[in-house]
Amino acid sequence: MQNNILAAHFKSVGPKRAHEYAHKLWKLAAKNGDGVPITSDNTRQIKNLAEQVLDLMGQEEEQIQRMIELGNNLSEYTLLQTIPGIGASTAIRLISELGDVRRFKTRQQLNSFIGIDLTEMDSGDHQSARHITKHGNPHARRILYWTVVLMINFKMADNHIRDGYQKRRGDGPQKPLIVKEIDHLIKTILYLIKTNQPYSYELAPQRK
């Protein structure tokens, strides 16, 4: 089942291709003034590229729906959606990128697969920042990163990810804190799926 979802995912539109189309549109739009005739070559190119982008977006949405049809019977599909900030689309994307996370014995192994480096060197006055590596699965990292960004928003339902972020938030760079919360989200995902339990804010461990 998960192999079918993964195969379906790779048929969807990749972010690199969509970015290339968007960049072409931006460059053409910068050259195109209000006074350019509708019959001009620049206008024609922008129209064609815009139609291609819209078509690709439509194909991606159709592919996501196909993936949901393939995976909506998986227990992790339902469990992931109990976490605030994770809806149907995000849940199925995570499943397609991570596969069966039960194969990972520890979250450190899952971190390595995704590409999250949590090594810290403490020299007394200085502690190195946690960061994202260039290894692992960039698509999974992107999904988890923006999921955490959504979870720490005050409009989101109560969750321990936002609590942890707010306790450590200061005037310095915020990205290392987000990476740290990605680690906590990964730990949560692994625990919920392995124990077959839905997310509960009341039962989530409170961090000092």
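Where a number appears in this text, it was derived from the coordinates with a stated rule and is not lab data. Here the structure is a predicted model, which means the values were calculated and not measured. Every residue, glycine among them, receives a Cβ derived from its backbone with ideal geometry; neighbour counts consider all protein chains shown.
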If amide H atoms are modeled at 1.01 Å from N in the peptide plane, then the residues at a separation of 5 or more from residue 82, or on another chain, having amide H under 5 Å from its own are 199
So, with points 7 Å from each Cα along the Cβ direction, the residue 63-residue 39 label distance in nm works out to 3.9 nm
Expected vector for the stretch 192-205, Karplus 3J(HN,Hα) from phi with 6.51, -1.76, 1.60 and θ = phi - 60°, integer Hz, x for Gly and Pro, equals 4, 6, 5, 9, 6, 10, x, 5, 9, 5, 5, 8, 5, x
Going fewest to most other Cβ atoms within 10 Å around each Cβ, 82, 39, 147, 90 line up as 39, 82, 90, 147
